[in-house]
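Undergrad: Let me give you the structure first, and then I'll get to my questions.
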Amino acid sequence: MNNEQNHIDDLISRCLTGEAKPVEHDQLNTWIASSVENDAYYQKLKRTFDLSGNYYPNKTLTGSIDVDQEWNHFVNRVEKKKPTPVRSLAPEKNTSWMRIAAAVLLLIASGFVINYFLFTTRDIQFETADNTLEITLPDGSQVTLNRFSELVYTRIMESKSEGFA
């Protein structure tokens, strides 16, 4: 199949460039008429050939193209393009002060977080209904609450007293 495809491509090329013999034209026409896919393939190659005539409007494809001249033309066009600027991912030398500032901010934020979690305040509340209640406070003092009374005090939790040591 690959050899047949190469033969068809060569035949189409010779017919489009005008190098084919009448017998080859007949073979190509028979191949095109044999299926819709063949006709579509031929039309695609013919369109490509016709478009290439726009690039070489005054030249035929039978040998009047100077390959070296075209290559040099291509190289010159590529070299004329401006290179895409490349941005370095390495840090600049003037960023040491930013690193110091980031470290200071990290220390301050860490201090706030530690203070929040280790040294928080908590309100302690005692209430009575129809009864009385005797309470011993953390400083050792005794308090007796009468009926329908309430006692609220703030206790500072430290890491040693709560087992965070």
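Undergrad: Mind running the shape call on the stretch 2-57? Use the C-alpha gyration tensor, a ≥ b ≥ c as the square roots of the eigenvalues: rounded below 1.5 for a/c, prolate if a/b tops b/c, oblate otherwise.
TA: It is prolate, given that a/c is not under 1.5 and a/b is the larger ratio.
Undergrad: Same structure, new question: With a/c under 1.5 counting as rounded, go ahead and sort the stretch 73-128 into rounded, prolate or oblate using the C-alpha gyration tensor (a ≥ b ≥ c being the square roots of the eigenvalues; past the cut-off, prolate if a/b is larger than b/c, else oblate).
TA: Here the stretch 73-128 falls in the prolate category.
Undergrad: What FRET efficiency comes out for the pair ASN38/THR84, r = Cβ-Cβ distance, R0 = 45 Å, nearest 0.05?
TA: Efficiency for this residue pair is about 0.55.
Undergrad: Using 0.36 nm per residue of separation minus the Cα-Cα distance, give me the extension gain between THR136 and ALA109 in nm, one decimal.
TA: 5.9 nm
Undergrad: For ALA102 and GLU127, FRET efficiency with R0 = 35 Å and r from the beta-carbon atoms, rounded to 0.05?
TA: So the FRET efficiency works out to roughly 0.10.
Undergrad: Calculate the tail of P(r) for the stretch 119-158: the fraction of all Cα-Cα distances greater than 15 Å, expressed in %.
TA: 46
Undergrad: To continue, here is another question. Go through 4-13, 71-80 and give me the packing order, highest mean Cβ count within 10 Å leading.
TA: Descending packing order for the listed peptides: 4-13, 71-80.
Undergrad: Run the simple label-point estimate for HIS7 and GLN27 please: 7 Å along Cα→C-beta, distance reported in nm.
TA: Output for this residue pair reads 0.7 nm.
Values quoted throughout were computed directly from the atomic coordinates according to the rules given, and no laboratory measurement underlies them. Everything numeric here is computed off the predicted structure, so don't read it as measured data. Here Cβ is always computed from backbone atoms with ideal geometry, including for glycine, and neighbour counts include all displayed protein chains.
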